[in-house]
Amino acid sequence: MKEFLSRLLVRPQTLIGLAVFAAIVVVALGAPLLFPKGPFTIVGMPLLAPGSPGLPAGSDVLGRSMLVGLAYGARVSLLVGISSTCCAVGIGVLLGAVAGYYGGVVDDLLMRFTEFFQIIPAFVLLMVLVAFLQPSLFSEVIGIALITWPQVARVARGEFLVLRSREFVQAAQLLGESDLRIIFRQILPNALPPIVVVGSMMVGSAILTESALAFLGLGDPGLMSWGSMIGASRSAMWVAWWTTVLPGLAIMVTVLALNFIGDGLNEALGPRRRQ
Amino acid sequence: MSALVRIEGLNVALPPGGDRTLAVADVNLDIGSSEIVCIVGESGSGKSVTAHAVMGLLPRALKTVSGRILFEGRDMLTQSAEDWRRTRGAGIAMVFQDPMAALNPVMAIGRQITEQIRAHRAVGEAAAMRDAAVLVARMGLEPGLLHAYPHQLSGGQRQRVMIAMALSLSPRLLIADEPTTALDVTTQAQILELIRNAQRERQMSVLFITHDFGVVSDLADRVAVMREGRIVESGTAREVLDRPQAGYTRALIAAVPRLSGSPAPLAREKPLLEVAGLSKRYRGSGGFLGLWHGRREHRALDRVSLTLQRGETLGVVGESGSGKSTLARCIIRLADPDAGEVLFDGADLAGMGRRELRAQRRRIQMVFQDPFSSLNPRHTVGEIVTAGPRAHGEGAKISLARAVEMLKLVGLEEAVLSRYPHEFSGGQRQRIGLARALMLKPDVLIADEPVSALDVTVQAQVLDLLDKVRRQMNLAMLFITHDMRVAARICHRVMVMRQGQVVEEGPTGALFAAPRNEYTGRLLAAIPGRQRLEA
């Protein structure tokens with residue numbers, strides 16, 4: 001563990017990524033304490049520039065504080081990003097593990113099923129799903145998980161295919177361990193590194209997808225998110241740049257931080273690094 | 001006699017934090033012209049590092065601290081990268097242990113040879129290809145092979161190609177780093193012959209790295225024995241082999257298993273395991289959807305029968321692809337046989353359902369070949385050793401107590417329980433694997449090449465341990481190996497396999513002394529160093 005951390009923390013990008021991500025988490029968690037009035041409260045004139053009294057990041061088209069919106073938007077982004085990735089990793093690992101471990105017909109069927117999800121244009125499927133389930137936090141999470149799990153399933157299956165022929169797995173079979181135990185106790189811990197890397201990258205792309213949905217008005221209407229802020233202010237883009245640029249920057253910085261972390265994990269966990 | 005290569009006081013540093021500071025310490029070695037010098041040693045002795053230093057191919061982490069390497073009087077360590085490029089290939093060529101990794105998989109063999117020729121000489125592709133064809137013919141390969149790709153060749157053919165490439169520019173020195181370790185005995189004998197002939201014809205020098213004293217006695221003019229980075233003894237092959245001075249050299253030579261002195265066969269009893277007519281075919285489809293080459297069928301096992309009784313060790317010997325591992329896997333049902341039966345204590349394992357099999361299997365356990373992949377790197381030794389009994393419902397406390405006992409039996413201390421596999425050497429890992437198998441108190445132990453990845457001295461210890469355990473627990477042991485010398489050391493009876501069939505079977509001593517089958521005779525004749533070491 002210590003060795004892993006020292007390998008992870010040698011790259012400056014990883015450190016920057018972790019620091020930025022930690023800051024965003026703090027802001028997201030602290031938003032209700034810092035701004036108890038919530039993001040929808042009108043606090044002044046619309047489209048006030050950043051630096052106006054009491055409005056360090058300006059106000060939006062309805063006169064709501066951009067700063068408060070950004071802080072609350074972080075909550076939505078992180079929540080959707082992390083929980084949809086957790087769901088996707090859960091589904092993907094389970095199906096990938098079963099396909100890779102059992103092989104044969106089971107593998108064929110599960111992989112055709114996976115491909116079924118991969119050949120449908122993902123974003124179209126997502127929009128249909130969310131519209132069908134009514135736009136809400138829940139439907140966004142489920143929808144994003146449903147379009148992203150095949151990536152994880154592919155990676156997990158590949159790892160399991162390789163690992164199940166290793167001698168320690170055969171030994172476990174001979175010792176009489178159950179399949180469930182072999183899959184989860186013997187193989188999974190060894191298959192985890194690449195899955196962790198894929199997962200960390202997926203959080204970033206899930207945040208992007210959530211923003212796109214919210215921009216199109218398919219986000220949870222009761223919540224302020226970065227995507228919906230851009231969507232609501234796009235008519236004011238030319239007169240008040242901050243209403244769209246600031247949430248856009250927030251998305252960019254978050255996704256970039258997550259990708260730095262993912263790269264760092266890849267370097268630290270990747271087999272090629274171990275020399 | 002002026003030396004072609006003179007290594008003077010060579011010191012190569014290991015990266016800090018290793019178990020010693022120098023990979024190679026104060027090595028002095030001369031290689032005369034048209035002389036074969038063997039460096040012998042166990043893994044980690046620095047023999048490969050020395051060879052790579054001469055070739056200027058040290059891994060980046062290793063740095064030469066001091067010393068000189070003179071090649072034809074020039075100090076190689078101070079020369080420029082451009083000089084190195086000119087020396088490599090033309091002056092010094094190298095053959096590696098793994099020819100598959102050393103050949104470019106997407107380039108035809110012929111092109112790979114001509115590429116090297118043309119990098120050093122101003123000749124056209126056609127002329128270079130003519131040279132390549134001559135070389136390939138000298139290696140005893142078909143000319144058509146020039147158009148083949150590396151994956152289409154056998155291991156022996158690949159190594160011949162590597163030697164052809166190495167000889168293509170008529171180097172003054174050929175460095176061979178364990179070139180036959182991955183090959184079967186008969187192929188190994190042919191490759192050694194080839195190197196010897198090429199050396200004689202071209203009057204070149206050879207630096208041959210090996211761990212096998214058998215190979216040394218067949219090949220070497222002079223020998224240097226290395227241990228922990230130092231040369232402990234050097235001299236002519238005759239001196240070192242016949243009158244070894246250093247204790248370590250004596251121990252190494254003594255550890256080479258001999259063909260003689262194998263245990264006498266046991267009195268016949270009712271067999272515990274009876275295999276009859278076991279067959280297994282693998283159907284591989286060549287090309288996309290099997291359309292290109294048609295469906296290929298490979299008979300991995302062809303009507304194999306054997307018996308094994310309590311307290312007996314039956315050796316299964318054969319070259320790679322002979323089906324010996326498939327036999328083990330079919331008996332223990334890691335693979336499903338197509339036909340035949342495996343009677344174990346009266347019940348047929350071959351036709352058993354999953355649940356029944358699970359109950360029976362604990363009585364047949366296995367020790368695997370690869371000490372690195374046979375233990376889960378993420379589990380502690382304690383978890384590994386107790387996994388079997390735990391899976392069969394034994395309490396944690398009892399199985400832990402038994403694990404301590406079992407580790408003692410295989411020569412490990414209680415303290416290892418909380419450690420992870422990567423902290424152990426190959427020999428220690430094999431002991432852990434053995435302890436894991438024995439925890440279920442099996443009646444039959446299948447050992448699939450359990451010592452082939454180990455150094456000779458460690459090999460001898462593990463073999464003795466297996467034999468001790470067999471006697472103590474009255475185990476029936478099926479011992480699979482490609483090394484006849486290893487089989488001779490502990491097997492009561494041996495069975496020789498070839499292409500999925502049993503060639504012959506009988507008491508070890510009698511069979512090795514007077515093989516009835518011509519193939520067995522060839523295998524025995526190919527064992528390196530037989531004449532000198534058996535005497």
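The values are calculated or read from the model by the stated rules, or taken from the named source; none is laboratory data. Predicted, not measured: the structure shown is a model, and the values here were computed from it. Don't worry about glycine lacking a Cβ; one is built from the backbone with ideal geometry, like all the others, and counts go over all protein chains shown.
Is it true that B:ALA435 is surrounded by 19 or more Cβ atoms within 10 Å (Cβ to Cβ), at pLDDT 95 or above, within 14 Å of chain A (Cβ to nearest Cβ) and closer than 15 Å to A:PHE168 by Cα?
Against the criterion (surrounded by 19 or more Cβ atoms within 10 Å (Cβ to Cβ), at pLDDT 95 or above, within 14 Å of chain A (Cβ to nearest Cβ) and closer than 15 Å to A:PHE168 by Cα), B:ALA435 qualifies.
Could you tell me whether A:VAL61 is among the β-branched types (Val, Ile, Thr) and modelled with pLDDT under 95?
On the way: among the β-branched types (Val, Ile, Thr): yes; modelled with pLDDT under 95: yes.
Yes: the conditions hold for A:VAL61.
Does A:LEU47 meet the test of being surrounded by fewer than 22 Cβ atoms within 10 Å (Cβ to Cβ), closer than 23 Å to A:LEU137 by Cβ and at pLDDT below 95? Step through it out loud before you land on a result.
On the way: surrounded by fewer than 22 Cβ atoms within 10 Å (Cβ to Cβ): yes; closer than 23 Å to A:LEU137 by Cβ: no; at pLDDT below 95: yes.
When the stated conditions are applied, A:LEU47 does not pass them.
On the basis of being more than 9 Å from every other protein chain (Cβ to nearest Cβ), more than 26 Å from the chain's Cα centre (by Cα) and either modelled with pLDDT under 90 or over 19 Å from A:SER178 (Cβ atoms) (or both), does B:GLY315 make the cut? Can you show your working first?
Working: more than 9 Å from every other protein chain (Cβ to nearest Cβ): yes; more than 26 Å from the chain's Cα centre (by Cα): no; either modelled with pLDDT under 90 or over 19 Å from A:SER178 (Cβ atoms) (or both): yes.
When the stated conditions are applied, B:GLY315 does not pass them.
For region A:183-194, how many residues meet the condition of being more than 7 Å from chain B (Cβ to nearest Cβ) and surrounded by 20 or more Cβ atoms within 10 Å (Cβ to Cβ)? Spell out how you get there, then give the answer.
If we filter region A:183-194 for residues that are more than 7 Å from chain B (Cβ to nearest Cβ), which is where we start, we get A:183-185, A:187-188, A:191-194.
When the remaining residues are screened for being surrounded by 20 or more Cβ atoms within 10 Å (Cβ to Cβ), the result is A:183, A:187, A:191.
Going through region A:183-194 one residue at a time, the tally reaches 3.
Answer with yes or no whether B:PRO389 is within 11 Å of chain A (Cβ to nearest Cβ) and more than 29 Å from the chain's Cα centre (by Cα). Show your work before the answer.
Numbers: within 11 Å of chain A (Cβ to nearest Cβ): yes; more than 29 Å from the chain's Cα centre (by Cα): yes.
Against the criterion (within 11 Å of chain A (Cβ to nearest Cβ) and more than 29 Å from the chain's Cα centre (by Cα)), B:PRO389 qualifies.
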Checklist entry - Which pairs have Cβ atoms under 6 Å, sit 6 or more apart or on different chains, and link a residue in region B:362-377 that is more than 7 Å from chain A (Cβ to nearest Cβ) to one that is buried (at least 24 other Cβ atoms within 10 Å of the Cβ) and of a type in the set (S, T, N, Q)? => result B:PRO371/B:GLN430
Checklist entry - Going through region A:137-153 one residue at a time, which ones are within 24 Å of A:PRO194 (Cβ to Cβ), buried (at least 20 other Cβ atoms within 10 Å of the Cβ) and either within 14 Å of chain B (Cβ to nearest Cβ) or not hydroxyl-bearing (Ser, Thr, Tyr) (or both)? => result A:VAL141, A:ILE144, A:ALA145, A:ILE147, A:TRP149, A:PRO150, A:GLN151, A:VAL152, A:ALA153
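Listed here are the residues, each with its yes/no results for (1) closer than 19 Å to A:VAL141 by Cα; (2) part of a helix (DSSP H, G or I); (3) touching an Asp or Glu at 6+ places or on another chain (Cβ under 8 Å).
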position	(1), (2), (3)
A:SER77	yes, yes, yes
A:GLY90	yes, yes, no
A:LEU94	yes, yes, no
A:ALA99	no, yes, yes
A:VAL106	no, yes, no
A:MET111	no, yes, no
A:GLN118	yes, yes, no
A:PHE123	yes, yes, no
A:LEU126	yes, yes, no
Item to check | Failed item, numbered, when B:ASP464 is tested on (1) away from every other protein chain (no Cβ under 14 Å); (2) surrounded by 19 or more Cβ atoms within 10 Å (Cβ to Cβ); (3) free of Cβ contacts under 8 Å to residues at least 60 places away in the same chain; (4) within 20 Å of the chain's Cα centre (by Cα) | outcome: (2)
Next on the checklist: Can you tell me which condition B:PRO171 does not meet? The list is (1) over 18 Å from B:GLY89 (Cβ atoms); (2) outside any helix (DSSP H, G or I); (3) in contact with a Gly (Cβ under 8 Å, 6 or more places away or on another chain), and all the others hold.
Outcome noted: (1)
Checklist outcome for this item: All-but-one check, B:ALA300 against (1) touching a Ser or Thr at 6+ places or on another chain (Cβ under 8 Å); (2) modelled with pLDDT of 95 or more, failing number (2)
Item to check | Hits in region A:205-239 (condition: under 10 Å from the mean Cα position of the chain (by Cα) and crowded, with 23+ Cβ neighbours inside 10 Å) | outcome: A:ALA206, A:ILE207, A:THR209, A:GLU210
Checklist outcome for this item: Considering region B:34-63, residues that are of a type in the set (Ser, Thr, Tyr) and modelled with pLDDT of 90 or more, and then whichever is nearest to B:ALA255 (Cα to Cα), we arrive at B:SER45
Item to check | Residue tally, condition part of a helix (DSSP H, G or I) and more than 7 Å from chain A (Cβ to nearest Cβ), over region B:346-361 | outcome: 9
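Just need a number here: residues in region A:1-49 that are touching a Gly at 6+ places or on another chain (Cβ under 6 Å), in a helix (DSSP H, G or I) and not polar (S, T, N, Q).
Within region A:1-49, the first condition is being touching a Gly at 6+ places or on another chain (Cβ under 6 Å), and the residues that meet it are A:8, A:11, A:14, A:39, A:42, A:44-46, A:48-49.
When the remaining residues are screened for being in a helix (DSSP H, G or I), the result is A:8, A:14.
Okay, now just the ones that are also not polar (S, T, N, Q), so A:8.
Total meeting the criteria: 1.
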Checklist entry - Can you find even one residue in region B:337-344 that is surrounded by fewer than 24 Cβ atoms within 10 Å (Cβ to Cβ), under 22 Å from B:GLU449 (Cβ atoms) and within 29 Å of the chain's Cα centre (by Cα)? => result no
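In region B:220-252, which residues are out of contact with any Ser or Thr (no Cβ under 8 Å at 6 or more places or on another chain) and in a helix (DSSP H, G or I)? Steps first, answer last, please.
Applying the first criterion (out of contact with any Ser or Thr (no Cβ under 8 Å at 6 or more places or on another chain)) to region B:220-252 yields B:220, B:230-231, B:234-236, B:238-239, B:242-250.
Those that are out of contact with any Ser or Thr (no Cβ under 8 Å at 6 or more places or on another chain) and in a helix (DSSP H, G or I): B:ARG238, B:GLU239, B:ASP242, B:GLY247, B:TYR248, B:THR249, B:ARG250.
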Checklist entry - Of the residues that make up region B:400-420, is at least one within 13 Å of another protein chain (Cβ to nearest Cβ), part of a helix (DSSP H, G or I), in contact (Cβ under 8 Å) with a residue 60 or more places away in the chain and not small (Gly, Ala, Ser)? => result no
Checklist entry - What tally of residues in region B:315-345 results from selecting those that are of a type in the set (Lys, Arg) and in a loop (DSSP other than H, G, I, E, B)? => result 1
Next on the checklist: Criterion first (at pLDDT 90 or above and of a type in the set (A, V, I, L, M, F, W, C)) does B:VAL275 satisfy it?
Outcome noted: yes
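For region A:169-182, what are the residues that are among the hydrophobic types (A, V, I, L, M, F, W, C), within 7 Å of another protein chain (Cβ to nearest Cβ) and within 13 Å of B:ASN376 (Cβ to Cβ)? Please lay out each step first, then the result.
Our first condition is that a residue be among the hydrophobic types (A, V, I, L, M, F, W, C); within region A:169-182, this holds for A:169, A:171-172, A:174-175, A:180, A:182.
With the extra rule that they be within 7 Å of another protein chain (Cβ to nearest Cβ), the set shrinks to A:171-172, A:174-175.
Passing the criteria: A:ALA171, A:ALA172, A:LEU175.
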Checklist entry - So B:VAL95 fits all but one of (1) touching an Asp or Glu at 6+ places or on another chain (Cβ under 8 Å); (2) farther than 24 Å from B:PRO528 by Cβ; what number is the exception? => result (2)
